[in-house]
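S.K.: Pasting a structure below so you can have a look.
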Amino acid sequence: MMNMTDIKSMTIDELKVLMTELGDKPFRAKQIYSWLHEHLVTSYDEMTNLPKSLREKLSAYPITALEAVDVQISKIDGTRKYLFRLSDGNVIESVLMRYKHGNSVCISSQVGCRMGCRFCASTIGGWTRNLLPSEMLDQIYRIQVLTGERVSNVVVMGTGEPLDNYENLLRFIHILTEEGGIHISQRNLTVSTCGLVPKIYELAEEKLQMTLAISLHAPNDARRQELMPIAKKYTMDELLTACRTYFEKTGRRITFEYSLVAGVNDSDEDARELSERIRGINCHVNLIPVNPIKERNFQRSTREAVQNFKIKLEKCGINGTIRREMGSDIDGACGQLRKSYIEKTESEK
Ligand code: SAH
């Protein structure tokens, strides 16, 4: 739920209403919005074009600003992993990846996660709470300020299930992509879901121009259920039908994510079965060898197995890309930095 004093989660229209309530002029809304979402300031003192009286009234509306408590920088590719502390003391992680085409930030959408995917570190400690729109936005804002480099792409692929925090996600997307703020194009935004089918239909109705990524990871229901508890709730047929509808409503090609686990989902037969299932959907498959986590016994597929899988898919008429692994020298991926930080601070208590 939105906090009524969380000014960084407010749209311009809501800020206009707030200005009226505070007895001020509606045009101030645009100025405040620009300070928060374009200039990325963290205090009212910096909003020099606002009258002092208004700044004083606004002090009842604290500005969400995350505090970086750790950063790890990859020596291989310059990827940076940030650990941010929230105002209630919880910590979350965000990742900056540098590509030739620009900087991409991977953000978290929840503190922890309750989806329970077997190979994922983010879900081991369970779910603590949803992130506010301001807390999702500020991961990007802080990284842009700390590096002094423009962020051009955003992926919601960090800790948490974004469609399990649906209202806040929509508000986040609105503010992220609206004019007058950081103004990231919807086309440069990807939201990844483990497959909450009813929410995919709701999202389709928004007709956003972002990319929807679906974590598939298996060629059939039985195998998917072994890896992802959500597969017991919604069948692959139901999920893939939702994906077709998403494409029809938005015209946006679906991305399927497929993490390859040695001996579990990486055989030729798996590739063949997968391509049968998704044939006819306007889609693209992202292949990535699973990142082993110490709590589970999953082994990553070999380089050859990944390559073979891609070739087999292509023979069956499905496009696939092997995702370049970024920052493999810094605390793995997918919630492992946050987890090791929590374990460390727990053991120091
Ligand atoms: N909850 C969302 C987004 C967060 S996870 C979702 O499930 O899509 C982002 C992606 O990383 C998902 O495809 C997820 O399945 C994958 N992932 C999680 N842990 C992983 C690991 N250890 N190795 C490889 N991919 C992993």
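S.K.: Per residue, how much accessible area does the stretch 250-291 have with a 1.4 Å probe, in Å²?
M.R.: I get 34 Å² per residue for the stretch 250-291.
S.K.: Residues with amide H under 5 Å of ASP266's amide H, sequence separation 5 or more or different chain, H placed in the peptide plane at 1.01 Å from N; which?
M.R.: Answer set, sorted by chain and number: VAL261.
S.K.: Sum up the charges of everything whose Cβ sits under 11 Å from the Cβ of LYS315, counting Lys and Arg as +1 and Asp and Glu as -1, but leave LYS315 out.
M.R.: That sum, taken over residues with Cβ under 11 Å, equals +1.
S.K.: Pairs on different chains or at least eight residues apart, Cα atoms closer than 16 Å: how many lysine pairs in the stretch 7-58 fit?
M.R.: Lysine pair count for the stretch 7-58: 8.
S.K.: On a 0 to 90 degree scale, rounded to 10, what angle separates helix 133-147 from the longest Cα axis of the chain?
M.R.: With both axes taken from Cα atoms, the answer is about 90 degrees.
S.K.: Name the lysines eligible as straight-distance cross-link partners of LYS207: C-alpha to C-alpha under 21 Å, and not fewer than 8 places from it in the same chain.
M.R.: Cα-Cα hits under 21 Å: LYS199, LYS249.
S.K.: Once the Cα gyration tensor of the stretch 1-116 is found, what semi-axes does its equivalent ellipsoid get, as square roots of 5 times the eigenvalues, in whole Å, sorted largest first?
M.R.: Ellipsoid half-lengths, sorted descending, are 32, 17, 13 Å.
S.K.: Now for a different question. In deg cm²/dmol, rounded to 500, what helix-only [θ] at 222 nm does the chain give when every DSSP H run of at least 4 residues adds -39500 (n - 2.57) and the total is split over its residues?
M.R.: The helix contribution divided over the chain gives -11000 deg cm²/dmol.
S.K.: Could you go through the stretch 179-191 in sequence order and give the Karplus-derived ³J(HN,Hα) for each residue, using 6.51 cos²θ - 1.76 cosθ + 1.60 with θ = phi - 60°, rounded to whole Hz, and x for Gly and Pro?
M.R.: 5, x, x, 5, 6, 8, 5, 4, 5, 9, 10, 10, 10
S.K.: Can you tell me how much longer the chain between ARG323 and THR302 gets when fully stretched, taken as 0.36 nm per residue apart minus their C-alpha distance, in nm with one decimal?
M.R.: Stretched fully, the ARG323-THR302 segment lengthens by 6.2 nm.
S.K.: Now a separate question. Over the stretch 227-331, one equal point on each Cα, no solvent: what is log10 I(q)/I(0) by the Debye formula at q = 0.11, 0.15, 0.18, 0.19 Å⁻¹?
M.R.: Those come out to -0.38, -0.70, -0.97, -1.05, one per q.
S.K.: Next question. Could you list log10 I(q)/I(0) for the chain at q = 0.10 Å⁻¹, which the Debye formula gives when each Cα is one point scatterer?
M.R.: -0.62
S.K.: Something else about it: With a 1.4 Å probe and every protein chain left in place, work out the accessible area per residue of the stretch 7-58 in Å², rounded to a whole number.
M.R.: 50 Å²
S.K.: Still on this structure: Would you tally the net charge around SER152, using a Cβ to Cβ cut-off of less than 12 Å, leaving SER152 out, and scoring K and R as +1, D and E as -1?
M.R.: Its environment carries a net charge of +3.
S.K.: If you don't mind, another one. What does the charge count around SER134 come to, taking other residues whose C-beta lies under 11 Å from its C-beta (Lys +1, Arg +1, Asp -1, Glu -1)?
M.R.: -1
S.K.: In the stretch 280-315, which trypsin sites (Lys or Arg not before Pro) are in a loop and have at most 15 other Cβ atoms within 10 Å, using DSSP for the loop call?
M.R.: Answer by residue number: LYS294, ARG296.
S.K.: While we're looking at this one, here's another question. Could you tell me which of PRO51, SER34, LEU18 has its Cα farthest along the dipole of the stretch 7-58 towards the positive end, charges placed at Cβ (Lys, Arg +1; Asp, Glu -1), taken about the Cα centre?
M.R.: It is PRO51.
S.K.: Just the accessible area per residue of the stretch 87-169, please: how many Å² with a 1.4 Å probe?
M.R.: On a per-residue basis, 33 Å².
S.K.: Right, here's the next one. Pulled fully out, how much extra length does the chain show between GLU226 and HIS183, if you take 0.36 nm times their separation in residues and subtract their Cα-Cα distance?
M.R.: Taking GLU226 through HIS183 to full extension adds about 11.5 nm, to one decimal.
S.K.: What do you get for the angle between helix 166-177 and the principal long axis of the chain? Use alpha-carbon atoms, 0 to 90 degrees, nearest ten.
M.R.: It works out to around 70 degrees.
S.K.: Continuing with this model, one more query. Heavy atoms only, probe 1.4 Å: what % of the accessible area of the stretch 55-193 goes to carbon and sulfur, would you let me know?
M.R.: 48 percent
S.K.: Cα to Cα, under 19 Å, and not fewer than 8 places away if on the same chain: which lysines meet these conditions relative to LYS81?
M.R.: Straight-distance partners of LYS81: LYS100, LYS339, LYS344.
S.K.: Moving on to the next point. Which whole-Hz ³J(HN,Hα) couplings does the stretch 315-329 yield from phi under the Karplus relation 6.51 cos²θ - 1.76 cosθ + 1.60, θ = phi - 60°, glycine and proline marked x?
M.R.: With coefficients 6.51, -1.76 and 1.60, one gets 4, 8, x, 10, 6, x, 10, 8, 6, 5, 7, 10, x, 5, 8 Hz.
S.K.: Could I ask something else about it? Kindly write out, for the stretch 13-18 in residue order, the coupling ³J(HN,Hα) from the Karplus curve 6.51 cos²θ - 1.76 cosθ + 1.60 (θ = phi - 60°), rounded to whole Hz, with x marking Gly and Pro.
M.R.: Result, ordered by residue: 4, 5, 5, 4, 4, 4 Hz.
S.K.: A further question follows. Under 1.5 on a/c is rounded, so check that first for the stretch 7-58, then, if it is not, pick prolate when a/b is larger than b/c and oblate when it is not; a ≥ b ≥ c are the square roots of the alpha carbon gyration tensor eigenvalues.
M.R.: oblate
S.K.: Tell me which residues come under 5 Å, amide H to amide H, from ARG129 once H is placed; ignore anything under 5 positions away on its chain.
M.R.: Answer set, sorted by chain and number: VAL111.
The values are calculated or read from the model by the stated rules, or taken from the named source; none is laboratory data. Bear in mind the structure is a predicted one, so any value in this text is a computation, not a measurement. We place every Cβ from the backbone using ideal geometry, glycine too, and count neighbours over all the protein chains shown. Side chains are part of the model used for accessible areas, which takes the heavy atoms of the whole protein and leaves out ligands, DNA and RNA. Shrake-Rupley method; radii C 1.70, N 1.55, O 1.52, S 1.80 Å.
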